[in-house]
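A.B. asks: This is the structure, below, for whatever I ask next.
The values are calculated or read from the model by the stated rules, or taken from the named source; none is laboratory data. Since this is a predicted model, take the numbers as computed values, not measurements. Cβ coordinates were reconstructed from backbone atoms using ideal geometry, including for glycine residues, and neighbour counts include every protein chain displayed. Just so you know, the surface numbers come from the protein's heavy atoms only, side chains and all, with ligands and any DNA or RNA stripped out. Shrake-Rupley method; radii C 1.70, N 1.55, O 1.52, S 1.80 Å.
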Amino acid sequence: MDVSGGRGQPRPGNDESAEHTGPETQAPGGTGDAPTPPSAPTPADAEDARPEGPTRGPGAPGPEDGTPQDTGAAPDHEAHAPGHDRHRTPAHTQPPADRPSHAPAGRPEHPDHPFAHSGSGKGRPPQRPEERKRGGLLMGRPFGVPVYVAPSWFLVAILITWVFGGQIDRVLPELGAASYLVSLFFAVAFYASVLVHELAHTLAALRFKLPVRRIQLQFFGGVSEIEKEAETPGREFVLAFVGPLLSLVLAGLFYLGLLAVDPASVPGVLLAGLMVSNLIVAAFNLLPGLPLDGGRMLRAVVWAITGKPMTGTVAAAWVGRALAVCVLIGLPLLTQSGALGSDAVDNVGMDTVLDALLAAILAAIIWTGAGNSLRMARLREHLPELRARTLTRRAVPVESDTPLSEALRRANAAGARALVVVDADGRPFSLVREAAIVGVPEHRRPWVPVGTLAQDITEGMRVSAELAGEELLDALRSAPATEYLVVEETGEIYGVLSAADVERAFVKAMARPS
């Protein structure tokens, strides 16, 4: 199932930020084979302490002077996509009490004070998954793809052992307490079949040259984090279908094994349980709504008909939301009526409450996954609009022994919002960190040289003003920092790119309608 919210993950990845952007969500049976969207930038603590009181930092000129503008503060948005890709809005320094909170980036808050501080400077570029929380216990690397078992898996293993153990005890009472040991074996075998389901998605993705970040087994199944989207609707359909297909194949193999043993024996009970569970996994994931595999298949069909992947995502996401409502209402009714094979229930007991709770959890997972699919697809659609040139802040060059107060005065006069430290020949070698400026009380700024607040510019911290979209994100991921020097193709200084500005642009893109 597409836990990253549509043919796309990044959460953005960072499972730290990501488990922001809420828990990773997927339907039972491990169908999280969605590609991960480009990881969105996530806030991170700056190296310098935050100010104890309000301070002011570089401001921004208005558009009339031709200065590139950043995207401004992001609007409110829903929680991030499950799986990885979760985002938090950047932290901001409290504005002075006598002025309104910071104005949108790219404009001065007040014509007399073009030096208004626009943020705390806290923020980091998109992080690779290696920089984030690993997501559980590493079990191996089949086909070079790491497989993790999340802590939540142990909870579901205990639950399966308890429930299935009671059923085995009724069928084979002579086992006694050993029935729970058999049930634990079933739980492990069932999740091994979920892993096979996910490996089917992974092998298909690798066959189509789509990088797979990892496989994770979780409470409600598994997720294959595919980093890119399939290039054609046909490949998208195949990529989604192979998972349920493998579950059906496994169910058939377990059925053949069941024919060769006594159904009333331990092997017979285990094979029957695995056959039924894989049938349920396949059937559930074939339902035509995102974030399930069937929803991705529906998306591929609509994409092929209309020629527009976004139209397919919208259609499959709304079908997924309708499916969530059906699960919420229909599953308890079916269980209570006995249509699922159990006796009809006339009164409300603990079993009825548990059925309703399970239905609510499944409905919430499907509804949230469908919404995340829309947000991630929206982000991918707007990703090419994220350009280094339009997000860059104007900067002024200063020498390292320049007092901070003087450097800020020059920046104010030029309508700039960043400081670049240069040598005697005018070559840039370090950037003055915004968070460091904020941490210096105003009365000490005349005695603090800007060089003491600067960070040396490494090769990875120089980015071209022509970068945009995924190329820009890849450049920022390769060298995590809070600020980057943006240069023209000729090597001229164009300005400074703040990771916090990129983050706000990401959040805004996710919230913007198509």
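A.B. asks: For region 210-249, which GluC sites (Glu not before Pro) are in a loop by DSSP, counting at most 13 other Cβ atoms within 10 Å?
C.D. replies: GLU231
A.B. asks: Okay, next question. So what does VAL149 come to for accessible area, using a 1.4 Å probe and Å² rounded to 10?
C.D. replies: 20 Å²
A.B. asks: If R0 is 35 Å, what FRET efficiency do you get for ALA424 and SER478 from their C-beta distance, rounded to 0.05? Write out the running numbers ahead of the final one.
C.D. replies: On the way: r = 30 Å, r/R0 = 0.87.
Result of the calculation: an efficiency of 0.70.
A.B. asks: A follow-up question, please. Give me the extension gain from ALA264 to GLU381: residue separation times 0.36 nm, minus the current Cα-Cα distance, reported in nm with one decimal. All intermediate terms of the calculation are to be shown ahead of the outcome.
C.D. replies: Values: separation 117, 0.36 × 117 = 42.12 nm, distance 5.54 nm.
Full extension from ALA264 to GLU381 adds 36.6 nm.
A.B. asks: Find the relative contact order for region 443-502 and round it to a whole percent, using C-alpha pairs within less than 8 Å whose residues are 6+ positions apart.
C.D. replies: Worked out over region 443-502, it gives 29 percent.
A.B. asks: With labels modelled as points extended 7 Å from the Cα through the Cβ direction, what inter-label distance (nm, one decimal) is found for ILE280 paired with ARG207?
C.D. replies: Computed distance between label sites ILE280 and ARG207 equals 2.9 nm.
A.B. asks: Quick check: from the Cα gyration tensor, does region 441-514 come out rounded (a/c under 1.5), prolate or oblate? Kindly include the intermediate steps, with their values, before the conclusion.
C.D. replies: Working: a/c = 2.47, a/b = 1.48, b/c = 1.67.
In terms of gyration-tensor shape, oblate.
A.B. asks: Another one. Picking from ALA363, THR458, VAL422, whose Cα lies most toward the positive end of the charge dipole for region 356-514 (charges on Cβ: Lys, Arg +1; Asp, Glu -1)?
C.D. replies: Farthest towards the positive pole: ALA363.
A.B. asks: What FRET efficiency would be calculated for the residue pair GLU470, GLU399, taking the C-beta separation as r and a Förster radius of 45 Å, to the nearest 0.05?
C.D. replies: Values: r = 37 Å, r/R0 = 0.82.
Step by step, r from the Cβ atoms, then E = 0.75.
A.B. asks: Multiply the residue gap between ARG141 and GLU231 by 0.36 nm, knock off their C-alpha separation, and tell me the result in nm, one decimal place. Display every interim value, and only then the final one.
C.D. replies: Working: separation 90, 0.36 × 90 = 32.40 nm, distance 2.59 nm.
That pair, ARG141 and GLU231, stretches by 29.8 nm at full extension.
A.B. asks: Further question: Using a simple spin-label model with points 7 Å from Cα along the Cα→Cβ vector, what separation in nm is obtained for THR390 and GLU488?
C.D. replies: So the label points at THR390 and GLU488 sit 2.1 nm apart.
A.B. asks: Hey, another quick one. Solvent-accessible area per residue for region 226-374 at a 1.4 Å probe radius, Å²?
C.D. replies: Working: 7030 Å² over 149 residues.
Counting only protein heavy atoms, the per-residue value for region 226-374 is 47 Å².
A.B. asks: Moving to a separate point now. By per-residue mean of other Cβ atoms within 10 Å, what is the highest-first order of 443-455, 366-378, 306-318? Could the numbers behind the result be given before it?
C.D. replies: On the way: 443-455: 15.5, 366-378: 27.8, 306-318: 20.4.
Descending packing order for the listed peptides: 366-378, 306-318, 443-455.
A.B. asks: Suppose we keep just the DSSP beta bridges with both residues in region 367-514; what percent of those would be antiparallel, to 5?
C.D. replies: Roughly 65 percent of the beta bridges in region 367-514 run antiparallel, per DSSP.
A.B. asks: While we're looking at this one, here's another question. Taking R0 as 60 Å, what FRET efficiency do you get between ARG462 and TRP162 from their Cβ-Cβ distance, rounded to the nearest 0.05?
C.D. replies: The formula returns an efficiency of 0.55 here.
A.B. asks: PHE185 to ALA413: extension gain in nm, 0.36 nm per residue of separation minus the Cα-Cα distance? Don't skip to the answer; put the middle values down first.
C.D. replies: Numbers: separation 228, 0.36 × 228 = 82.08 nm, distance 7.18 nm.
Working it through step by step, the gained length comes to 74.9 nm.
A.B. asks: Using protein chains only and a probe of 1.4 angstrom, how many square angstrom of PHE143 are accessible, to the nearest 10?
C.D. replies: Only protein atoms counted, so the area is about 130 Å².
A.B. asks: Calculate the spin-label point distance for ILE361 paired with LYS308, positioning each point 7 Å from the Cα along the beta-carbon direction, and give it in nanometres.
C.D. replies: 3.8 nm
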